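S.K.: Quick one: structure below, then a few questions.
Where a number appears in this text, it was derived from the coordinates with a stated rule and is not lab data. As the structure is a computational prediction, the values presented were derived from the model and not from experiment. Glycine gets a Cβ as well: all are built from the backbone with ideal geometry, and neighbour counts include every protein chain shown.
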Amino acid sequence: MDAILENNNAFQNLLARIAAGDTAAYDLLFRKYYASMVLYTDNILKNKSESEDLVSDLFCTLYNKRAKLAEVKFEKSYMFTLLHNRVIDVLRRKKRFQQEELRDFVSEDSVEEVIFEVELYARLNEAIDHLPRKCADVLRLKMEGLDDCEIAEKLGIQYETVRSHVKRGVGILRGKFDKTLLLYIFL
């Protein structure tokens, strides 16, 4: 406990010297924490250059606001709390940038394509509702991406029966939908 108090008192003296403008004390603080703070930051950001810049910027800010350093009570926790908050800010900015980039990427054309596809599937499901029950079940599973063997196993019917239902269902739907669309959906 005495070692902690001595370390804290030494830190308080160091901060008081920095607050008074002692550049040697500032240099000592920088050398003591810079490497470990860069390592901590790089562990999160996975970018050494960005981590070094962030920590250097933090030390510049500390120096510019050195008059307030005399009020600081806890050595390591203070330094790493400041750094942690800056890292969180960087991560938030990156996330916001990625979201904006994604919004820019999604063009009006792709939105229209999604709407078209949703409407197509709605019409297709409505048409499938009017097919014989077993045929409709097979086509719905086919639309979910199951292959013919998986459908046969799931429904407890023969592979050939699945093929027959697909052929029959697609034949009926062919009159209502473009042949290319049906191939795209059911292949």
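S.K.: Straight-line reach from K68: which lysines have a Cα under 29 Å away, not including same-chain ones fewer than 8 places off?
M.R.: The qualifying lysines are K32, K76.
S.K.: Moving on to the next point. Taking R0 as 30 Å, what FRET efficiency do you get between K95 and Y63 from their Cβ-Cβ distance, rounded to the nearest 0.05?
M.R.: Working: r = 30 Å, r/R0 = 0.99.
Computed FRET efficiency for K95 and Y63: 0.50.
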